[in-house]
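Down below is the structure, laid out as structure tokens.
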Amino acid sequence: MKIVFLDAKTIGDDIDLSAYDALGEVVKYGFSTSEEVPERVKDADVLVINKIEINEQTIGTAKNLKLVCVTATGTNNLDKEYLEKRGIAWRNVAGYSTESVTQHTFALLFYLLEKLRYYDEYVKTEKYVNDTIFTHFAEHFNEISGKTWGIIGLGTIGRRVADIAKAFGAHVVYYSASGRSAQEGYEQVDFDTLLSKSDIVSVHAPLNEYTKDLMNKEAFAKMKKTAIFLNLGRGPIVVEQDLCEALETGEIAAAGLDVLCEEPMSETNPLVKIKDSRKLIITPHIAWASVEARTRLMQIIVGQIKEFFAL
């Protein structure tokens, strides 16, 4: 069996992939362009990919291909109709990053809520050295306890965030963009209610016809001016120009993002110009990528290959 990794760098160099060597010949490419893929997959039995487009143009030359494994949950890059026509199976992985994304959600919140960059710089610039009093009150922060936390997308990650938010004393409500029936143990509200009542709004929804551009100018206008917005779902759920204006005009207090419409970030992204860390923090799509989550992900894929070939 020949296993070909087409964009291994998307997993990181620090993850042990030696378990794959026991399955057969393994070839790893850090990155592959669409033009490079046809030659690289010619004699592959299994492809391990993340963002590579899989269609007739890229894998039409792969005469031995039997299985495509996606190192992610999303499969928008797969031409499933073509794969089915060719009799090529595919697998993706769900649930591997729940703890990692949940943890990062709270990391973004605390950075903004407690003005951590300001206080870190205050101490590191030695303004605290021989200060007049032991506490510095220039930047204010509030408790999560007693606040309303609105969640958009109550899947596995959304529920985990909800449960931890409740442990902090927050009142949690959620909105289902697809209109799914209420989930037991969680309070479902309509979109306008969630926006107008929530002190914190976090997005954990997939990108689809219900969520694309959901957070736009009209949505931000309905939020509290003191609200913090977090997007841990997909970039195009947010109209970035509208978010930029909402932050600049004080329509909302702050935003924390781990996903953008275009990744890596484009120089034309309107959010580039916001340098005030009290208003905005953007992390480069790392919420999913704890060492444990990436290790778990690659172990699951090893299991998928073994199961498929009955090894």
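The values are calculated or read from the model by the stated rules, or taken from the named source; none is laboratory data. Note that the structure is a prediction, hence the values are computed from the model and not measured. A quick note on method: Cβ atoms are made from the backbone with ideal geometry, for glycine too, and the neighbour counts reach across all protein chains shown. Remember, those area values only see protein heavy atoms, side chains included, never the ligands or the DNA or RNA. Shrake-Rupley method; radii C 1.70, N 1.55, O 1.52, S 1.80 Å.
Structure notes:
- Global form of the range 86-189, assessed from the alpha-carbon gyration tensor, a/c cut-off 1.5: oblate
- For the cross-link pairs LYS124/LYS147; LYS51/LYS212; LYS217/LYS279; LYS9/LYS212; LYS51/LYS275; LYS66/LYS212, the ones whose C-alpha atoms lie over 23 Å apart are LYS124/LYS147; LYS9/LYS212; LYS51/LYS275; LYS66/LYS212.
- Efficiency of FRET from Cβ geometry, ASP13 and THR135, R₀ 25 Å, rounded to 0.05: 0.05
- Using the empirical formula 2.2 N^0.38 Å as the baseline, the Cα radius of gyration of the chain reaches a ratio of 1.14.
- If you take the Cα centroid of the range 54-124 and the Cα centroid of the range 146-197, the two points sit 23 Å apart.
- Sorting the Cα pairs of the range 130-264 by distance into bins of 5 Å, from 0 upward, gives 2, 10, 20, 23, 19, 12, 6, 3, 2, 1, 1, 0 percent per bin.
- Straight-distance candidates among the aspartates and glutamates for linking to LYS85, with alpha-carbon spacing under 13 Å and chain neighbours fewer than 8 residues away dropped: GLU56.
- Accessible carbon and sulfur surface of the chain relative to its total accessible area, %, 1.4 Å: 51
- Straight-line cross-link reach from LYS115 at under 13 Å between alpha-carbon atoms covers these aspartates and glutamates, not counting any fewer than eight positions away in the same chain: GLU139, GLU143, ASP276.
- In the range 1-97, GluC sites (Glu not before Pro) in a DSSP loop with at most 10 other beta-carbon atoms within 10 Å: GLU35
- Listed residues ASP43, ASP14 arranged by accessible area, highest first, probe 1.4 Å: ASP14, ASP43
- Solvent exposure of the range 186-250 as accessible area per residue, Å², 1.4 Å probe: 42
- Per residue convex hull volume, Cα atoms of the range 201-294, in Å³: 104
- Longest stretch of the chain clear of exposed loop sites (chymotrypsin sites (Phe, Trp or Tyr not before Pro), DSSP loop, at most 10 other Cβ atoms within 10 Å, sites excluded): 138-311.
- Overall, the range 201-246 carries a charge dipole of about 200 debye about its Cα centre when +1 sits on the Cβ of Lys and Arg and -1 on the Cβ of Asp and Glu, all other atoms neutral.
- Using a probe of 1.4 Å, the accessible surface attributed to HIS285 totals some 50 Å² when neighbouring protein chains are kept in position.
- With all projection directions averaged, the alpha carbon convex hull of the range 63-102 covers 3.2 nm².
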